[in-house]
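Asker: Below you'll find the structure I mean.
The values are calculated or read from the model by the stated rules, or taken from the named source; none is laboratory data. Keep in mind it's a predicted model, so treat the numbers as computed, not measured. For neighbour counting, all protein chains shown are included, and Cβ atoms are generated from backbone atoms with ideal geometry for every residue, glycine included. Note: areas computed on protein heavy atoms with side chains; ligands, DNA, RNA excluded. Shrake-Rupley method; radii C 1.70, N 1.55, O 1.52, S 1.80 Å.
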Amino acid sequence: MKDETLCLHAGYHPKNSEPRVVPIVQSTTYVYDSTAEVASVFDEPTKSLIYSRFANPTVMAVEQKIAELEGGVGAMCTSSGQAANLLALLNICKAGDSFISTSQIYGGTVNLFAVTLKKLGIECITVSADDDDETIEKAFKPNTRAVFGETIANPALAVLDIERFANIAHKHGVPLIMDSTFATPVLCKPFDFGCDIITHSTTKYMDGHAVQGGGIIVDSGKFNWDNGKFPELTEPDESYHGIVYTETYGKAAYIIKARMQLMRDFGCYPAAHSAFLLNLGLETLAIRMPRYCENALAVAKYLQANENVESVSYPGLEGDKYYDLAQKYLKGASGVISFVIKGGREAAMKFMDSLELASNEVHVADIRTCVLHPASETHRQLTDEQLKAAGIEGGMIRFSVGLESIDDIIADIDKGFAALK
Ligand SMILES: *Cc1c(COP(=O)(O)O)cnc(C)c1O
């Protein structure tokens, strides 16, 4: 079925007299008739439910829906996007291993990779999404276990050349993991281009309404783990009575290990009520995404033509550095734009403070238009020199276009420009 239909129906199929809407199963635990039955669920945890630290029916309905939207064999929700990226890597990297990541990734992920994973003994090797094949291949070490990138990078708005990165990763016997938060499965299906594992911060477009945080990991089921590099999947797991994930679970080995081992031990599983709210957002995702793209393209063109604007970055805009890749991989370039206003930091702040409709907040990909000033907010600690090195100018504004009428959004932008006179 098509995305519009999956968004509404996948993951939950009520039978005779059951509730039409996916119920909130607000229970930490599940009851059995006998001790022997409980014991058998411990022997085969995928058979039934044990405890809501790692599986719950409301959350599982959402997992199934997103797995179907991405075309994967299975998925696991987490309590944040950060937790999704953490577990996606920990599932195949241990102390002494390394992985390769593009530098064009979310700031929170940079901290996770460069600081926290480093403390755990896992090295992140950085390349640019724009580097040539040779440079990327040189970055591999014998202990490299994955390649990581973002479909549409936050905030760089770089589009990953998925086929190129997948080919390089596979040549070295490791999977390509992609954070596809900004694209969502509605704008891009990375598994169709060779990506192996997808993560999302569901906090953004999937929820859409800014009411709860969450994340998800989706497994394509296509990667062959049995090449000697992933003993945690191909050799007995002592913490699970010697189970060998690839033997017992075949194509779903990666995602079942993530749940049975990592979620069991870390417990960063969302609450049923959060999954219920996420599901409401997902129901309209396929309808909302094209409108974000349409509004954002109109805003990008309007900004580009304005005398107060120095430059606009939006992969959907003809002439953008990533336009060709966006045409190849995306059905739309999402609602996030960044632009540089003439007059630097002062002009940017004046412009933003004069907006009435767009809210000034640290968020993106909301249903409502919002703005952020990287130089004085998310990257505040940097000097002007350091900002320049990081590719952030004082006059740069991140504009997350919402679903209001395009006329009202543009009228609001005009108020901002009028204040500069
Ligand atoms: C926001 C974001 C994250 C982190 O997600 P949280 O839900 O805030 O933990 C990860 N990746 C990308 C691309 C994001 O935009």
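Asker: Run the accessible area of region 3-280 with a 1.4 Å probe and give the carbon-and-sulfur part as a rounded percent.
Answerer: So the carbon and sulfur contribution to the accessible surface is 55 percent.
Asker: Between 287, 397, 122, find the one with the highest GNM mean-square fluctuation for the chain; connect C-alpha pairs within less than 10 Å.
Answerer: Ranking 287, 397, 122 by mean-square fluctuation puts 287 first.
Asker: Most fluctuating residue of 366, 320, 219 in a GNM of the chain with Cα springs under 10 Å: which is it?
Answerer: Among 366, 320, 219, the largest mean-square fluctuation in the Gaussian network model of the chain belongs to 320.
Asker: Using the crude model of +1 on Lys and Arg Cβ and -1 on Asp and Glu Cβ, and no other charge, please compute the dipole size for region 288-418 relative to its Cα centre, in debye to 20.
Answerer: Charge dipole of region 288-418: 380 debye, to the nearest 20.
Asker: Based on DSSP, what percent of beta bridges with both residues in the chain are antiparallel, to the nearest 5?
Answerer: For the chain, the DSSP antiparallel bridge percentage is about 60.
Asker: To the nearest 20 debye, what charge dipole does region 51-197 have about its Cα centre, counting +1 at the Cβ of each Lys and Arg and -1 at the Cβ of each Asp and Glu?
Answerer: So the magnitude is around 680 debye.
Asker: Viscosity 0.890 mPa s, temperature 25 °C: Stokes-Einstein D of region 41-199 from its Kirkwood Cα radius, in µm² per second?
Answerer: 149 µm²/s
Asker: Would you kindly state how much longer the chain becomes between residue 4 and residue 41 on full extension, computed as 0.36 nm times their sequence separation minus their alpha carbon distance, in nm to one decimal?
Answerer: Fully extending the segment from residue 4 to residue 41 adds 9.8 nm.
Asker: Right, here's the next one. Could you tell me the relative contact order of region 225-354? Use alpha-carbon pairs under 8 Å, at least six residues apart, and round to a whole percent.
Answerer: Averaging sequence separation for qualifying contacts and normalising by length gives 15 percent for region 225-354.
Asker: Evaluate the charge dipole of the chain about its Cα centre and quote only its size in Debye, nearest 20, assuming +1 on the Cβ of each Lys and Arg and -1 on the Cβ of each Asp and Glu.
Answerer: 340 debye
Asker: Follow-up question, since we're still on this one. Hey, what did the chain get for relative contact order, percent, Cα under 8 Å, at least 6 apart?
Answerer: 16 percent
Asker: Once R0 is set to 22 Å, what does the formula 1/(1 + (r/R0)^6) return for the Cβ-Cβ distance between residue 32 and residue 239, expressed as a FRET efficiency to the nearest 0.05?
Answerer: It comes to 0.45.
Asker: Which of 114, 36, 210 ends up with the largest GNM mean-square fluctuation for the chain, with Cα atoms connected below 10 Å?
Answerer: Ranking 114, 36, 210 by mean-square fluctuation puts 36 first.
Asker: Which value in Å is the Kirkwood Rh of region 187-322 over different Cα pairs?
Answerer: 18.4 Å
Asker: Treating cross-link reach as a plain straight distance, find the lysines whose alpha-carbon is under 21 Å from the alpha-carbon of residue 119, omitting any fewer than eight places away in the same chain.
Answerer: Candidates past the 8-residue exclusion: 94, 141.
Asker: Could you sort out which of 138/229; 342/415; 321/388; 118/204 sit more than 24 Å apart by Cα distance in this structure?
Answerer: Flagged as over cut-off: 118/204.
Asker: May I ask you to derive the FRET efficiency for residue 354 and residue 120 from their Cβ-Cβ distance with R0 = 35 Å, giving the value to the nearest 0.05?
Answerer: The computed FRET efficiency comes out at 0.15.
Asker: For region 280-320, what log10 I(q)/I(0) values come out of the Debye formula at q = 0.15, 0.16, 0.30, 0.31 1/Å, with one point per alpha carbon and no solvent?
Answerer: With one equal scatterer per Cα and no solvent, log10 I(q)/I(0) is -0.44, -0.49, -0.99, -1.03.
Asker: Separate question: If each DSSP helix of 4+ residues adds -39,500 (n - 2.57) and the sum is divided by the residues in the chain, what number results at 222 nm, nearest 500 deg cm²/dmol?
Answerer: Roughly -9500 deg cm²/dmol at 222 nm, from the helical runs in the chain.
Asker: Another question about this same structure. Using θ = phi - 60° and the Karplus relation 6.51 cos²θ - 1.76 cosθ + 1.60, list the HN-Hα couplings for region 18-28 in order, rounded to whole Hz, with x at every Gly or Pro.
Answerer: 7, x, 5, 9, 3, x, 7, 8, 8, 8, 7
Asker: Post the alpha-carbon centroid distance, region 114-142 to region 292-362, in whole angstrom.
Answerer: 30 Å
Asker: What whole-number value in Å² describes the accessible area per residue of region 288-418 for a 1.4 Å probe?
Answerer: Per-residue accessible area for region 288-418 comes out at 46 Å².
Asker: Another question, if that's okay. With a 10 Å radius around each residue's Cβ, average the other Cβ atoms per peptide and rank 178-187, 159-168, highest first.
Answerer: 178-187, 159-168
Asker: Same structure again: In 10 Å bins starting at zero, report the fraction of Cα pairs in region 3-280 per bin as a rounded %.
Answerer: 7, 30, 36, 20, 6, 1, 0
Asker: Which percent, nearest 5, of DSSP beta bridges in region 288-418 are antiparallel?
Answerer: 85 percent
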